[in-house]
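As structure tokens, the structure follows; a few thoughts come after it.
Laboratory data are not the source of any read-out in this text; all were calculated from the coordinates shown. Note that this is a predicted model, so its numbers are computed, not measured. When we count neighbours, we look across all protein chains shown, and the Cβ atoms used for this are built from the backbone with ideal geometry, even at glycine.
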Amino acid sequence: GALLTATDLHKAYGPTPALDGASFSVHPGEVVAVMGPSGSGKSTLLHCLAGIVTPDSGTITYDGRELTALSDAERSALRRTEFGFVFQFGQLVPELTCVENVALPLRLNGTKRREAERQAASWLARLEVDDLAAKRPGEISGGQGQRVAVARSLVTNPRLLFADEPTGALDSLNGERVMELLTEAARGANAAVVLVTHEARVAAYSDREIVVRDGKSRDMEYAR
Ligand code: ADP
Ligand code: ADP
């Protein structure tokens, strides 16, 4: 069955709806691309699925649990332990080294420093940036920073990884390399990926595409 299912989501910030009846599903280990023009509702959909934004109506079920029925504390615990996030500009903590950045989610979950950094170092190696462990984000390139951000998003072994334009700030060569490593690492960890992008080249790494237009979604069911 599906890991996460959203049905008939509506969300409005003003008179024009951002989501106007969007539905969505992702299965374990699957990479789904959410595509569509700017302003179509992609980010709003992602934020609803990730439990960051509450829809006005509609249901979201993750692993048999109705997300909107959970308390704020339960939802944030779910985000910390079961979900991973990668954003357009990595968003690493500038004061921390790369290995400390990757170790951070484990530290927040109570893992001891030595063990957290051991696991972080092994994820840096899987993303082919282990040589950057002692560097700070200001000392590395954008492509390197995104690989570190991918390592950080996977270090907690999330079952679901949300990526919002993860290559949007990179040139095409770096973008392709980050997508290769992201999808390879996620598949290796059996994590499903929900990937928001407006680039067909990035969506080409997915198993399936959902197209969002005017807040409505259309499933290009295994179109490839
Ligand atoms: P996309 O990610 O496809 O560019 P968004 O989900 O960001 O689309 O936006 C969909 C619509 O909702 C847009 O009209 C946008 O201006 C509006 N919107 C999104 N987030 C907010 C917000 N926090 N406050 C007000 N309007 C918003
Ligand atoms: P990548 O392909 O991994 O993104 P680049 O080809 O962009 O790396 O960069 C090559 C080298 O130049 C990197 O090893 C990095 O040390 C250095 N470098 C690139 N961009 C920056 C930057 N903005 N700040 C500091 N160092 C950088």
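Taking the number of Cβ atoms within 10 Å of each Cβ as an exposure proxy, the fewest-first ranking of Glu82, Glu66 is Glu66, Glu82. In the chain, helices alone account for a calculated mean residue ellipticity at 222 nm of -10500 deg cm²/dmol, with every DSSP H run of four or more residues adding -39,500 (n - 2.57). Note on Arg201 and Asn109: with the Förster distance fixed at 35 Å, the Cβ-Cβ geometry gives a FRET efficiency of about 0.50. Annotation note: chymotrypsin sites (Phe, Trp or Tyr not before Pro) in the range 1-74 located in DSSP loop regions with a Cβ neighbour count of at most 13 within 10 Å are Tyr13.
Quantify how much of the Cα-Cα distance distribution of the range 73-163 extends past 21 Å, in percent. Tail fraction, whole percent: 22.
Lysine pair count for the chain with Cα-Cα distance under 24 Å and sequence separation of 8 or more or different chains is 4. Residues in the range 177-183 carry Karplus couplings, in order, of 5, 5, 5, 4, 5, 4, 5 Hz; the curve used is 6.51 cos²θ - 1.76 cosθ + 1.60 with θ = phi - 60°, and Gly or Pro positions show x. Within the range 131-154, whose backbone N sits under 19 Å from a point 7 Å along Cα→Cβ of Val93? Label zone hits: 132-140, 145-154.
Would you mind computing, in nm to one decimal, how far apart the modelled labels at Ile52 and Asp8 are, each placed 7 Å from Cα along Cα→Cβ? Here the answer is 2.7 nm between the modelled labels. In a Debye calculation with equal point scatterers on the alpha-carbon sites of the chain and no solvent, what is log10 I(q)/I(0) at q = 0.08 Å⁻¹? Cα-only, vacuum Debye calculation for the chain: -0.27.
A Förster distance of 35 Å, applied to the separation of the beta-carbon atoms of Asp219 and Ala77, puts the FRET efficiency at 0.70. Using the empirical formula 2.2 N^0.38 Å as the baseline, the Cα radius of gyration of the range 5-129 reaches a ratio of 1.24.
Legend: calculated FRET efficiency, Arg136 to Asn157, from the Cβ-Cβ distance at R0 = 30 Å, rounded to 0.05, equals 0.70. Here, the range 109-224 yields an orientationally averaged convex hull projection of 8.5 nm² when only Cα atoms define the hull.
Put in line by how crowded their Cβ is, counting other Cβ atoms within 10 Å and starting with the fewest, Asp164, Asp219 read Asp219, Asp164.
Taking the C-alpha atoms only, the angle from helix 72-82 to the longest principal axis of the chain is near 60 degrees. When all alpha-carbon pairs of the range 61-103 are counted, what percent fall beyond 15 Å? In whole percent, the share of Cα-Cα pairs in the range 61-103 beyond 15 Å is 57.
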